[in-house]
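Trainee: Next up is a structure, given as structure tokens.
All of the numbers you see were taken from the coordinates with simple rules; none came from a lab. What you see is a predicted model; the values in this text were computed from it and never measured. Neighbour counts are summed over all protein chains in view; Cβ atoms, including those assigned to glycine, are modelled from backbone coordinates with ideal geometry.
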Amino acid sequence: MAGKLLLDDLKQAAKTGEIDTVLAVMVDMQGRLMGKRFQIEFFLDSAVEETHSCNYLLATDMEMNTVEGYKSTSWEAGYGDYAMRPDLSTLRRIPWLEGTALVICDVVDHHSGADISHSPRAILKKQIARLEALGMKAMMASELEFFLFKESYEEAQEQGHRYLSPISAYNEDYHIFQTSKEEGVMRAIRTGLQGADIPVENSKGEADAGQAEINVRYTDALTMADRHSIIKNGCKEIAWAKGRAISFMAKWKSDAAGSSSHIHQSLWSLDGEPLFFDKGAKYGMSDMMRHYVAGLLKHAGEITLFLAPNINSYKRFVAGTFAPTKAIWSMDNRTAGYRVCGADSKAVRIECRVGGADLNPYLAMSALLAAGIDGIENKLELETEFVGDAYGGKDAREIPTTLRDATTALDGSKMLREALGEDVVDHYVHAARHEQSEYDSRVTDWEVSRGFERS
Ligand code: ADP
């Protein structure tokens, strides 16, 4: 596929001068690409085997603060290095950056070479290995929504992120004319990603002014999570180069739609048989699929933090906005947290609609897989399908409405503690509590405009 590079291709491109820079990156807790830009000669000489980064990269927040209280690292422990080992199967061209290739690295212990257990990529690899031991693999697709703004990131910052102008003046859901006006950015995103070994299905206008979605082809979970991280970074880089800004906040404005990252999931045998499909069963849903979905629902509260990791994520869960509020399953129903798609076909799958565009794909997919595997291992029975408008669903299971509730649910999750490891759950609970306390200590503009004169 266009853009994929073998090591020999990279060596050749170094000789011809076609590529001069290699980005060696890891993925942090927020799902961002972090790393270094290597001169290709040095990359091929040395970093192709291993490079290093400060271990605070997996113990920091959005602002890159050194957050106290992590077991994995601290001032006391001296904030040493992790080793970053390039996974050469992820080596690719980045067409929108001149002369540049990119490789994703695993984060491992400097001395033992063992995976760092709380590294997002290691967490996902562990769940994939569990599935493999059961003779299965997960196929996934994440659909990213975002807002495109007329301003550049610099202008948005200078304006204090106020008075921003979405690229369009009206709801552009499925609109062709309006999205034609955005092709300067969107075509560059589609063709850029396609040239970076990411098969694009389509882009489309979404359900608010300035909102868009990018859809890519489903693939195995690890490849999808890697692609998701590169897509987000790439969309921002391409928009920036065109003097525009893109935001993946779950909710950038209280009266605007939220941006989601729906995750489509299906399980396949290792030799490529779709295990979610049973021709004779209702909707074509196999027992395996029913158990998997039952696991997702049983643990829906516990896994929410990994689908909605920020304070802002919870502002998206508003009735009547296409973002879900209830963790129930339903057939082709966009009011449901868990929607069955592709009924009666080999493509039958479950779409989790809970996650926002701010999720970390490795963590979200890991939590979903862990819950689904629990459903399969314990042969959990799937509850009756919800029919109708889930927003008004009485007695329907609620999605936690605050970061605080989701953190408590994760902290108390026996299933996730067993599946991911005690240290991993403790690490992300600590991160969430830090996010909460950072927020709690801030005076917001809402409070000031409400109370400044009138309180
Ligand atoms: P929607 O109407 O929800 O947009 P699409 O047909 O466009 O549905 O598919 C949405 C996503 O689901 C795409 O990214 C597609 O690659 C993915 N997808 C299709 N089949 C499967 C499958 N069997 N497992 C996981 N994802 C799949």
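Trainee: Which of the GluC sites (Glu not before Pro) found in the range 309-405 are in a DSSP loop and have at most 13 neighbouring Cβ atoms, other than their own, within 10 Å?
Mentor: Glu381
Trainee: Which listed residue (Leu148, Gly135, Ile123) has the Cα farthest towards the positive end of the charge dipole for the range 52-148, taking +1 on Lys and Arg C-beta and -1 on Asp and Glu C-beta about the Cα centre?
Mentor: Towards the positive end, the residue furthest out is Gly135.
Trainee: A further question on this structure: In the chain, what % of DSSP beta bridges are antiparallel (nearest 5)?
Mentor: The antiparallel fraction comes to roughly 90 percent.
Trainee: Quick check on the chain: take the gyration tensor over C-alpha atoms, sort the square-rooted eigenvalues as a ≥ b ≥ c, and tell me if it's rounded (a/c under 1.5), prolate or oblate.
Mentor: Because its axes are fairly even, with a/c under 1.5, the chain counts as rounded.
Trainee: Quick query: amide H of Lys150 versus all other amide H atoms, modeled in the peptide plane; which residues come in under 5 Å with a sequence gap of 5 or more or a different chain?
Mentor: Answer set, sorted by chain and number: Ser165, Ile167.
Trainee: Separate question: Determine, from the Cβ-Cβ distance of Thr21 and Val387 and an R0 of 56 Å, the FRET efficiency 1/(1 + (r/R0)^6), rounded to the nearest 0.05.
Mentor: 0.55
Trainee: So for the range 30-128, taking the charge dipole from beta-carbon charges (+1 Lys/Arg, -1 Asp/Glu), which of Thr73, Met34, His110 sits furthest toward the positive end?
Mentor: Met34
Trainee: I've got another one for you. Treating only the Cβ of Lys, Arg, Asp and Glu as charged (+1, +1, -1, -1), what charge dipole size does the chain show about its Cα centre? Round to the nearest 20 debye.
Mentor: Dipole size: approximately 900 debye.
Trainee: Ignoring chymotrypsin sites (Phe, Trp or Tyr not before Pro) that are buried or in helix or strand per DSSP, and keeping those with at most 14 other beta carbon atoms within 10 Å, what is the longest stretch of the chain between them?
Mentor: 175-451
Trainee: Taking the Cα centre as origin and putting +1 on Lys and Arg beta-carbons and -1 on Asp and Glu beta-carbons, what dipole magnitude results for the range 244-369, to the nearest 20 debye?
Mentor: Using only the charged Cβ atoms, the result is roughly 460 debye.
Trainee: Mind listing which trypsin sites (Lys or Arg not before Pro) in the range 273-371 are in a DSSP loop and have 12 or fewer other Cβ atoms within 10 Å?
Mentor: Those satisfying the criteria are Lys279.
Trainee: Can you give the helix-only mean residue ellipticity at 222 nm for the chain, where every DSSP H stretch with n ≥ 4 adds -39500 (n - 2.57) and the sum goes over all residues, rounded to the nearest 500 deg cm²/dmol?
Mentor: Rounded to the nearest 500, it is -10000 deg cm²/dmol.
Trainee: Moving on. Pairs of Cα atoms under 8 Å, at least six residues apart: use those to get the relative contact order of the range 127-443, whole percent.
Mentor: Taking the mean separation of contacting Cα pairs over the length of the range 127-443, I get 19 percent.
Trainee: Pulled fully out, how much extra length does the chain show between Asp81 and Ser437, if you take 0.36 nm times their separation in residues and subtract their Cα-Cα distance?
Mentor: Length difference between fully extended and current span is 125.4 nm.
Trainee: To continue, here is another question. If you look at just the Cα atoms of the range 393-455, how large are its Rg and its Dmax in Å?
Mentor: 16.8, 52
Trainee: Using Cα positions and a limit of under 16 Å, work out the lysines in reach of Lys11, with same-chain residues fewer than 8 apart set aside.
Mentor: Result set, ordered by chain and number: empty.
Trainee: Would you please name the trypsin sites (Lys or Arg not before Pro) within the range 77-178 that are DSSP coil residues with at most 12 other C-beta atoms within 10 Å of their C-beta?
Mentor: Listed in order of number, the matching sites are Arg162.
Trainee: Using 0.36 nm per residue of separation minus the Cα-Cα distance, give me the extension gain between Glu158 and Ser46 in nm, one decimal.
Mentor: Computed gain between Glu158 and Ser46 is 36.3 nm.
Trainee: Something else about it: Roughly speaking, what is the centre-to-centre gap between the range 106-151 and the range 202-223 when only Cα atoms are used, to the nearest Å?
Mentor: So the separation of the two Cα centres works out to 19 Å.
Trainee: Apply 1/(1 + (r/R0)^6) to the Cβ-Cβ distance of Asp344 and Met62, taking R0 = 35 Å, and write down the FRET efficiency to the nearest 0.05.
Mentor: 0.20
Trainee: Output the pairs from Lys137/Lys394; Lys15/Lys204; Lys251/Lys326; Lys36/Lys137 with a Cα-Cα distance over 29 Å in this structure; if there are none, say none.
Mentor: Over 29 Å Cα-Cα: Lys137/Lys394; Lys15/Lys204; Lys36/Lys137.
Trainee: I would also like to ask the following. Helix check for the chain. Which DSSP H runs span at least 15 Å along their own axis by Cα, with a mean Kyte-Doolittle hydropathy no less than -0.5?
Mentor: Counting only whole DSSP H runs, the qualifying helices are 120-133, 183-194, 221-241, 287-298, 361-377.
Trainee: Any idea how far the Cα center of the range 233-250 sits from the one of the range 302-359, in Å?
Mentor: 24
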